[in-house]
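Some notes on the structure that comes next.
The values are calculated or read from the model by the stated rules, or taken from the named source; none is laboratory data. Just so it is clear, the model here is predicted, and its values are computed rather than measured. We work out accessible area using only protein heavy atoms, side chains counted, and drop any ligands, DNA or RNA first. Shrake-Rupley method; radii C 1.70, N 1.55, O 1.52, S 1.80 Å.
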Amino acid sequence: MPRQLAASWGHVLSLLALQFLVVAVTAYGALSDDVLRNITVNEADFDIHNGGLLAPLLIPRVPGTPGQAKAQEHLASFFRTQLPKWNITWQNSTATTPATGTKQVPFANLIARKEPPWTKPGQANYLTLVAHYDSKMKPDGFIGATDSAVPCAILLHVARFIDEYMTRMHDEMIALGELGGTVPMDMGVQILLLDGEEAFVAWTATDSLYGARSLAAEWETSMNPAMSIYKTPLEQISMFVLLDLLGTAGPTVPSYFQTTHWAYQGMASVEKRMRNLGLLESTPAQSFLPEADKGPNLFGSAGVQDDHIPFITRGVPTLHLIPSPFPVGIWHTMNDDGAHLDPATVRDWAKIVTAFTMEWLDMMELFPEQ
Ligand SMILES: [Zn+2]
């Protein structure tokens, strides 16, 4: 499947006629080696003890408890203080759970967006980077370092790293008079930090995915202004990239969906190139993303139940970054804490997802001499 064209953004649409109904449009373009070398991670941001992006999330974060409020404050204050120009909204809902009787438990999804300044409501398409910030109620004191404190911290890192590049890109496009109207010109990024992913008692269709189910339903029925390019916020999601259970050593993440395998291949290529350039710190037995060459007849229908379900069932293209097997001896146990993380793997994921995001946004255009 041809999937990319080297194109000045705004001048060429690269059309991907994916199988059946899905038609995605992107300007995905590889970054040069030099640009990959510039993608760095500050170790302090992922220190498990002090400050930064990760440590404040290494607490129990059960919906309806003070830990939930502390996590929300960390996420909100990050954007308020470090990325004040990003558009921040909370999408709220309540639900009863099998563990909490008739009490309405509050769930709040944080939506952080940056889009080109010329886009009107309903015009931008969003690369949508997603993780859940809640933690599982049992066992008592469960931290959920991989599940999903680390993925949340990685997404904060990505947002901050790409921010100035996005601004430069938009400024240059304005200077060139490229004021939108095509899919590659109107690309934005939104970070979804979802609440209530975990079951309170045992995973069922109603005891799980509280935040994601509420958000997908709301976005399916919220109408953008008449004549908008995209009728609903759901349609504005160009790709739903979901990170989960990341941060332990030696993860292997399969390619789950044939329709988005081209994006998986893009990220796998980023990993391979960064490894070959000596830019990654971890030394796993095999790649994090080992299935770039997976044949079309090898995709099964079985995915993993996670926050993408309410979106993918509504037709949203999804790239699911979750290891198989889940972290052995860690998943849903008290071992899923800061001490069981592999810091090199955590930082490598941050670099890989950052580079993928920059390729998605075709940021190589910012470095014409390279
Ligand atoms: Zn979990």
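Can you give me the angle between helix 210-221 and the longest principal axis of the chain, using Cα atoms only, in degrees from 0 to 90, rounded to the nearest 10?
Long axis of 210-221 versus the principal axis of the chain: about 40 degrees.
What is the distance in Å between the Cα centroid of segment 145-170 and that of segment 260-280?
When both Cα centres are located, 18 Å separates them.
Hey, which lysines would be in cross-link range of K138, C-alpha to C-alpha under 28 Å, not counting anything within fewer than 8 residues on its own chain?
By straight Cα distance, K138 reaches K70, K103.
Quick one: which residues, 5+ away or cross-chain, put their amide H under 5 Å from the amide H of H132? H built at 1.01 Å from N.
Sorted by chain and number, the residues that satisfy this are L194.
State the antiparallel share, in %, of DSSP beta bridges confined to segment 30-366, rounding to the nearest 5.
45 percent
How much of the accessible area of segment 30-366, probe 1.4 Å, is carbon plus sulfur, in whole percent?
The nonpolar share, carbon plus sulfur, comes to 54 percent.
Report, ordered by chain and residue number, the aspartates and glutamates lying within cross-link reach of K120, taken as a straight Cα distance under 16 Å and ignoring same-chain residues fewer than 8 apart.
E178, D186, E235
Among the lysines, select those whose C-alpha is under 25 Å from the C-alpha of K294, and discard any that sit fewer than 8 residues away in the same chain.
Straight-line reach from K294, under 25 Å: K272, K351.
Per DSSP helix of 4 or more residues, -39500 (n - 2.57); summed, then divided by the residues of the chain. What does that give at 222 nm, rounded to the nearest 500?
Calculated from helices alone, the mean residue ellipticity at 222 nm is -8500 deg cm²/dmol.
So what J values fall out for segment 278-287 if you push phi through Karplus, 6.51 cos²θ - 1.76 cosθ + 1.60 with θ = phi - 60°, rounded to Hz, Gly and Pro as x?
Whole-Hz 3J(HN,Hα) from phi for segment 278-287: x, 8, 9, 9, 6, 10, x, 5, 9, 4.
Scan around I237 for amide H atoms under 5 Å from its own, H built in the peptide plane at 1.01 Å from N, and keep only partners 5 or more places away or cross-chain.
Placed amide hydrogens put Y126 under 5 Å from I237.
Take the Cα radius of gyration of the chain and divide it by 2.2 N^0.38 Å, with N its residue count; two decimals is plenty.
For the chain, the normalised Cα radius of gyration comes out at 0.94.
Compute the angle between helix 150-175 and the longest alpha-carbon principal axis of the chain, please, reported from 0 to 90 degrees and rounded to the nearest 10.
20 degrees
Can you list, largest first and rounded to whole Å, the semi-axes you get for segment 183-227 by taking the square root of 5 times each eigenvalue of its Cα gyration tensor?
After scaling each eigenvalue by five and taking roots: 29, 14, 7 Å.
Hey, what do the phi angles of segment 345-350 turn into as Karplus ³J(HN,Hα) couplings, whole Hz, using 6.51/-1.76/1.60 and θ = phi - 60°, x for Gly and Pro?
Result, rounded to whole Hz: 5, 4, 5, 5, 4, 4.
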